[in-house]
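Notes follow once the structure below has been shown.
Bear in mind that the values in this text are calculations on the coordinates, not laboratory data. Only a predicted model underlies this, so the values are computations on that prediction, with no experimental measurement involved. Note that each Cβ is placed from the backbone with ideal geometry, even for glycine, and that neighbours are counted across all protein chains shown.
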Amino acid sequence: MEAGPRDTDRDAPDTQHLAGRLSPDGPDEHDVAPEVEVELRPARRLRIWQLAPIVMLAAVGSLMFAFPLAFEFGGGGAVVAMLGLLISCCAAGWGMMAARRVGHTWPALPARGSNERPDWRVAALYAAVCTSLVALAVWRVARLR
């Protein structure tokens, strides 16, 4: 007994049924439905349950940073403000990673997988602005002591 496909009449297609639909080189053009390309995976986007903890963490961190700066809390105000700054930065990083995961990018930076080159002048501007904001925040908190 051989292992392989069998060539019997039982497995052969019904040629009389297909004879009206087939031309010598395949199915007739007017019988074929147009092909439609459908994406099987849903669109990747941030949902509310993904954004809610990031927004709440950012709000708590910014309030912890702002209140010791606005009102005198004594010796512990600088510690609370620095902790709030740290929590806010963590929430910002978490938000950026979540946005990157669903496909969002910073302006002037290409999407992942594209062959475009990033504009490093804009990236350097982002880095300079973020560095200056962190330096100002640390300087302000240091003045509380």
If I ask for residues that are more than 29 Å from M64 (Cα to Cα) and in contact (Cβ under 8 Å) with a residue 12 or more places away in the chain, which ones from the stretch 90-111 would you list? V102, G103, P107, A108, L109
Would you be able to tell me the number of residues in the stretch 113-130 that are surrounded by fewer than 12 Cβ atoms within 10 Å (Cβ to Cβ) and in a loop (DSSP other than H, G, I, E, B)? 5
Every residue from the stretch 74-89 that is surrounded by 15 or more Cβ atoms within 10 Å (Cβ to Cβ) and in contact (Cβ under 8 Å) with a residue 60 or more places away in the chain: G77, A78, A81
In the stretch 112-145, how many residues are in contact with a Gly (Cβ under 7 Å, 6 or more places away or on another chain) and free of Cβ contacts under 8 Å to residues at least 40 places away in the same chain? 0
